[in-house]
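A quick write-up on the structure given underneath.
Each reported figure results from applying straightforward, stated rules to the coordinates on display, with no laboratory input. Note that the structure is predicted; figures quoted are calculated from it, not measured. Cβ placement follows ideal geometry from the backbone for every residue including glycine, while neighbour counts extend to all protein chains displayed.
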Amino acid sequence: GATVGGFRIEKSLGKGGMGEVFLATQLSMERQVALKVLPQSLAVDENFIQRFLHEVRLVARLNHPNIVTAYEAGQDDGTYFLAMEFVEGETLETRLKTQGHLAETEALKLVRKVAKALAYAWDEHHILHRDIKPANIMLDRHGEVKVMDMGIAKSVVEETSLTLTGAAIGTPYYMSPEQARGVADIDFRADLYSLGATLYHLVTGSAPFEYVRQRRLSE
C-alpha cells in the first residue's frame, strides 16, 4: 500500500542483488508495473547508487519486443526506483522445474528470439547483458519471450565501468571463460556463450557441467 514516486506497491515479486522487485500500480496511468527498489541499506552507498542509476540508463536505451521495457526511474525521499513493464508469466527456470526440459524445436524458437534481442542490444547500443540464463528469460502469458534483469549489463562504448577490473560478473554455469577470468574487454561473444549454455540446459534439463559437480560431490 505504500506509494513510491507515484507508484502504489501491491506485493513483492522477488529479490535480487540490486534490489527488490514489486508489483505496483502506476497511479497516473492506472497500469501495473514491475517496480525495482534499491534497498535502503544500499542507498547510502554511493557506489551502489551509481550502479543502480547505470542500470536505469542502460535499460532506458533499449526498445525491442523481446526486452522488458523501462517506463520511468527516479528518487523519492531517498528511495531510488525503476518502473518497468510487468510481464505476467513465468521464467524459463520455472518452466524447467515443472517440465524437466523443453522439446528441441521449442527451445530453438525461444533461444532464437533471445538471440535477436541480444543482437539488437549489441548492434544498436553496444550493450552486453552478461547474465543470460533461464532465470532471466521470461515467457509472458502469450508465450512471447522477454529478456529481463539488465542489472549487470555493460555498455562497451562507455569510458568507465562500474565493475572492478578483474572481477568476474555473472552466473558460473552460464559464464563464458573470458568473463570468468574477469577480462575487461569482452564483447558479444560472451553473451553468445551464455545463450548456448542456456540452450543446453533447456534441451537436456541440466545445467552445463552439472554432472561434473555431482560427480565430484559423490567422490
Backbone HN-Hα couplings from phi across segment 45-56 [Karplus 6.51/-1.76/1.60, Hz, Gly and Pro as x]: 9, 4, 5, 5, 4, 5, 5, 5, 5, 4, 4, 4
List the residues whose amide H sits under 5 Å from the amide H of V4, counting only those 5 or more places along or on another chain, with H placed 1.01 Å from N in the peptide plane. I9
Plugging the Kirkwood radius over Cα pairs into Stokes-Einstein for the chain, at a temperature of 20 °C and a viscosity of 1.002 mPa s, what D comes out in µm²/s? 117
Given only helices, namely DSSP H runs of n ≥ 4 each adding -39500 (n - 2.57), what is the per-residue ellipticity at 222 nm of the chain, to the nearest 500 deg cm²/dmol? -11000 deg cm²/dmol
Would you mind working out the magnitude of the charge dipole of the chain relative to its Cα centre, with +1 at each Lys and Arg C-beta and -1 at each Asp and Glu C-beta, to the nearest 20 Debye? 600
So, in Å, what gap is there between the alpha-carbon centers of segment 1-41 and segment 70-99? 9
Those trypsin sites (Lys or Arg not before Pro) from segment 84-162 that are DSSP loop and have at most 14 other Cβ neighbours within 10 Å turn out to be R141
Please list the non-local residues whose amide H lies under 5 Å from the amide H of E20, H modeled 1.01 Å from N, same-chain partners needing a gap of 5 or more. V37
Select from segment 1-60 those GluC sites (Glu not before Pro) which occupy a DSSP coil region and have at most 11 other Cβ atoms within 10 Å, ordered by residue number. E30
In degrees from 0 to 90, rounded to the nearest 10, what is the angle of the helix 104-125 Cα long axis to the longest principal axis of the chain? 50
About the Cα centre of segment 1-97, what is the dipole size in debye to 20, counting +1 per Lys and Arg Cβ and -1 per Asp and Glu Cβ, all else neutral? 220
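Take the residue pairs K113/K133; K15/K116; K97/K146 and return only those whose Cα atoms are more than 22 Å apart.
Table pairs above 22 Å Cα-Cα are K15/K116.
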